[in-house]
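**Student:** My structure is below; once you've seen it, I'll send some questions.
Where a number appears in this text, it was derived from the coordinates with a stated rule and is not lab data. These numbers come from a predicted model, not from an experiment. Here Cβ is always computed from backbone atoms with ideal geometry, including for glycine, and neighbour counts include all displayed protein chains.
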Amino acid sequence: MTTPTVQEPPADEAIVDVREIAPRDRHPLIFDTFDGLSAGQAMILVNDHDPKPLYYQFLHERAGQFDWTYLQEGPDEWRVRIACVKP
């Protein structure tokens, strides 16, 4: 059995760990953090499940403004780099 690889983010990227945040508060926190990024900056989302529904929400609400890259895909933790590409 192989151990999942976790890529460490650059020190200047905000880590948003929502595992201990109430579910109703997670998406507003994530979008507020993303909206505070400048073009070229990124945040690392840490979650306890695959945030695929959040990805679709980003596609709908921030189309063309972000880049989504999985850094770790389970089984107990997901890490996604969400970069701001808006002008």
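**Student:** Stokes-Einstein at 10 °C, 1.306 mPa s, Kirkwood radius from Cα pairs: D for the stretch 14-84 in µm² s⁻¹? Please list the in-between numbers first.
**Tutor:** Values: Rh = 12.1 Å.
Translational diffusion coefficient: 131 µm²/s.
**Student:** Let me ask another. Express in nm, to one decimal, how much length is gained between Asp32 and Ala63 on full extension, taking 0.36 nm for each residue of separation and deducting their alpha carbon distance.
**Tutor:** 9.6 nm
**Student:** Around Arg62, what is the net charge, scoring Lys/Arg as +1 and Asp/Glu as -1 over all other residues with Cβ under 9 Å from its Cβ?
**Tutor:** -1
**Student:** Can you give the net charge of the other residues whose Cβ lies under 12 Å from the Cβ of Asp76, counting K and R as +1 and D and E as -1?
**Tutor:** On the way: positive: Arg19, Arg79; negative: Asp48, Asp50, Glu73, Glu77.
Taking every Cβ under 12 Å from that of Asp76, the sum is -2.
**Student:** To the nearest 20 Debye, how big is the dipole of the chain about its Cα centre, given +1 on the beta carbon of each Lys and Arg and -1 on that of each Asp and Glu?
**Tutor:** For this selection, approximately 280 debye.
**Student:** Which of these, Glu13, Glu61, Glu73, has the largest mean-square fluctuation under a Gaussian network model of the chain (Cα springs below 10 Å)?
**Tutor:** Glu61
**Student:** Return one number: the angle in degrees, 0 to 90 and rounded to the nearest 10, between the long axis of the Cα atoms of helix 23-35 and the longest principal axis of the Cα atoms of the chain.
**Tutor:** 50 degrees
**Student:** How far is it, in nm, from the label point at Ala14 to the one at Tyr56 when both lie 7 Å from their Cα along the line to the Cβ?
**Tutor:** About 2.6 nm separates the two model spin labels.
**Student:** I want the local charge near Phe34. Using Cβ-Cβ distances under 14 Å, sum +1 for each Lys or Arg and -1 for each Asp or Glu among the other residues. Walk me through the numbers on the way to the answer.
**Tutor:** Values: positive: Arg26, Arg62, Arg81, Lys86; negative: Glu13, Asp32, Asp35, Glu61, Asp67.
Once all neighbours under 14 Å are counted, the net charge is -1.
**Student:** What residues have an amide H closer than 5 Å to that of Phe66, excluding those fewer than 5 places away on the same chain, when H is modeled at 1.01 Å from N in the peptide plane?
**Tutor:** Here the answer is Val85, since their amide H atoms fall under 5 Å of that of Phe66.
**Student:** May I pose another question? Please list 3J(HN,Hα) in residue order for the stretch 41-51, calculated via the Karplus relation 6.51 cos²θ - 1.76 cosθ + 1.60 where θ = phi - 60°; whole Hz, with x for glycine and proline.
**Tutor:** 8, 8, 10, 10, 8, 10, 9, 9, 8, 5, x
**Student:** Nearest 10 degrees is fine. How inclined is helix 52-61 to the longest principal axis of the chain, computing both from alpha carbons?
**Tutor:** The answer is roughly 10 degrees.
**Student:** Would you calculate, for the chain, the mean residue ellipticity at 222 nm contributed by helices, counting each DSSP H stretch of 4 or more residues as -39,500 (n - 2.57) and dividing by all residues, to the nearest 500?
**Tutor:** Per the formula, -8000 deg cm²/dmol.
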